[in-house]
Amino acid sequence: MTDPDHPEARHLLVIEDDAEQARLLLRLLGSCLPADCELRLASTLGEARRALHAARYDCVLADYELPDGALDELLDAGLLPAARTIVMSGEPTAAKLRGISWFCRKPLDLGQLMPRVIELVQQPG
């Protein structure tokens, strides 16, 4: 893996508070993304905010409800790359968030989710 500030690498931030779900997503993404793709995990809104201030991400895969707030706080603050943000939630109202790339209802359909994440991570610029 490369440093998040290394411009040639691709960067993906996973925002997920469920430890088991996060491990599964990171394992699957790590096996299907290019080796130079940097994966980072944030399990709270605060961790996500710090990660988004520290580096630019090509794609964000994010749970909507986190222990310390909801994802729309990051959207409203303009911190998420909206065109490359996938929101995951069991809450149907999260599907109506403005400015996200795609919504995936929980429980996750990994057969639909993984190809979409790969596509967004590999898009240029």
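A short reminder: the numbers here are calculations on the coordinates, not readings from a lab. Keep in mind the model is a prediction, meaning the values are calculated, not measured. As a convention, Cβ positions derive from the backbone with ideal geometry for all residues, glycine included, and neighbour counts pool all protein chains shown.
In deg cm²/dmol, rounded to 500, what helix-only [θ] at 222 nm does the chain give when every DSSP H run of at least 4 residues adds -39500 (n - 2.57) and the total is split over its residues?
-10000 deg cm²/dmol
Between Ala55 and Glu119, what length in nm is gained on full extension when 0.36 nm per residue of separation is reduced by their alpha carbon distance?
21.0 nm
Just subtract the alpha-carbon distance of Arg23 and Arg105 from 0.36 nm times their residue separation and send over the number in nm, one decimal.
Full-extension gain reported as 27.7 nm.
Name the residue, out of Leu80, Leu28, Leu66, whose mean-square fluctuation peaks in a Gaussian network model built on the chain with Cα pairs under 10 Å.
It is Leu28.
Only bridges with both residues in the chain count here: give the DSSP antiparallel percent, nearest 5.
Approximately 10 percent, going by the DSSP bridge assignments.
Over the chain, calculate the relative contact order: mean separation of alpha carbon pairs under 8 Å at least 6 apart, over the residue count, as a percent.
After rounding, I find 24 percent.
Compute the Cα gyration tensor for the stretch 10-122, then decide on rounded, prolate or oblate, letting a ≥ b ≥ c be the square roots of its eigenvalues: rounded whenever a/c is under 1.5, prolate when a/b is larger than b/c in the other cases, and oblate in all that remain.
rounded
Considering only His11, Cys104, Ala42, whose Cα is most displaced toward the positive end of the charge dipole of the chain, charges sitting on Cβ of Lys, Arg (+1) and Asp, Glu (-1)?
Towards the positive end, the residue furthest out is Cys104.
If you put +1 on each Lys and Arg Cβ and -1 on each Asp and Glu Cβ, how big is the dipole of the chain around its Cα centre, in Debye rounded to 20?
300
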